[in-house]
1. List the lysines whose Cα lies under 25 Å from the Cα of Lys81, skipping any in the same chain that are fewer than 8 positions away.
2. So what is the relative contact order of segment 35-245, in percent, for Cα pairs below 8 Å that sit 6 or more residues apart?
3. Tell me, what HN-Hα J-couplings in whole Hz come from the Karplus equation 6.51 cos²θ - 1.76 cosθ + 1.60 at θ = phi - 60° for each residue of segment 57-72, using x for Gly and Pro?
4. Within a Cβ distance under 11 Å of Ser111, other residues only, what is the Lys/Arg minus Asp/Glu net charge?
5. With a cap of 15 neighbouring Cβ atoms within 10 Å, and only residues DSSP puts in a loop, list the trypsin sites (Lys or Arg not before Pro) found in segment 59-165.
6. Could you compute the net charge surrounding Gly160? Neighbours are other residues with a C-beta less than 14 Å from the C-beta of Gly160; K and R count +1, D and E count -1.
7. How much net charge surrounds Leu185 when only the other residues with a Cβ under 12 Å from the Cβ of Leu185 are counted, with Lys and Arg +1 and Asp and Glu -1?
8. Under the Karplus relation 6.51 cos²θ - 1.76 cosθ + 1.60, θ = phi - 60°, what is the ordered set of whole-Hz ³J(HN,Hα) values for segment 126-131, x standing for Gly and Pro?
Amino acid sequence: MPITRSPKGCRLLSLLLIGLAWGAVSPVWSQEMTPPHQIQWYEPVIVAAGVSVFFLVDNPIRSYMLDHQTTGRDDVASVFKKVGEPEVWALVPAVMVGTGLALKKPGLTRSGLRAVTSAALAGGITAVFKYTLGRERPSVAGSEPLEFIPFSGNVSMPSGHTSTAFGFAASLAEDVHPLWAKIGLYTLATGTAWSRVYNNNHWTSDVLAGAIVGLTSAKLVSGKWQVWGIRPPAVFADGHQVTVSWQGTF
C-alpha cells in the first residue's frame, strides 16, 4: 500500500533529536577495555543457517500482516519506517557532532560519528548482499520466499531500513547509560523491522538478516568485534575540524 509522510513522523523525529541532544551529555564515553571478539569463519555460516529457518514462516507472517492492517497501524508503521532513513540515522548524529564540536565535548562528537559510521557501514554491506542474492520482494505478485535470482535487480534481502536502523541504534546504545534509553533505541529499530514486514516490503527473514547486519556493523565500528584485523575508527577533533582514520591488516 502507498505510504505517505505523516506529521506524526516529523514530530517523532523532532522529539528524538531533542531527546538525544539533551541526554547525550551523560553517556558513558569510556568503555571498559576488553579484548575484541575475533569473528570466526563458521559464525556467519551458523547465522545464515538460523536466518534460513525463518523462510518457513515468511509466507504465514506475510498473510497475517496483510489480514490485520488498520489505519492506526499504518500511521505507526510510517513513523517507525523513518528510523531507517537518513533523516534520522544521519541527521541525529550530525546534531551530536555539531553540538560536541561547539561545546568542546569530544566524547559526544565521537559517539555521533560512530553512530553514522555504523549505519553507513550497515547500508553498504546490505547493498552488496541485496544485489548478490537477488531476492524478490513479497509485494511482487506471485513472489515466494525461496525465489533467489542473483544479480537480477531484485533487492529484498536484507532489509536496508532495518540494517541502518539497528546500526544506528546499537551504536548509540553502547554509549548511553540509562537502561530506558537503550531499550528505547532498540524499540525504535525493532519497530522499523516490523514496519517493513507490515507494509509488505520485506519478508520476515529479510528484516532478521538486516538486524544482524546492523548489529554486526555497530560492533565492528565500536571495536567490540573484529574481522581481518580491522580496528575501530580513530576520531580526532580539535574544535574546528574532525579527522577519521580506519586501519586494518589483510
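Bear in mind these aren't lab numbers, they're just calculated from the coordinates by the rules spelled out. Keep in mind the model is a prediction, meaning the values are calculated, not measured. For neighbour counting, all protein chains shown are included, and Cβ atoms are generated from backbone atoms with ideal geometry for every residue, glycine included.
1. Lys8, Lys130, Lys182, Lys219
2. 27
3. 10, 4, 5, x, 5, 4, 4, 5, 4, 5, 7, 10, 8, 9, 4, x
4. After counting each charged neighbour, the total is +1.
5. The qualifying sites are Lys104.
6. Net charge in that neighbourhood comes out at +4.
7. That sum, taken over residues with Cβ under 12 Å, equals -1.
8. Ordered by residue, 3J(HN,Hα) equals 4, 4, 5, 5, 3, 6 Hz.
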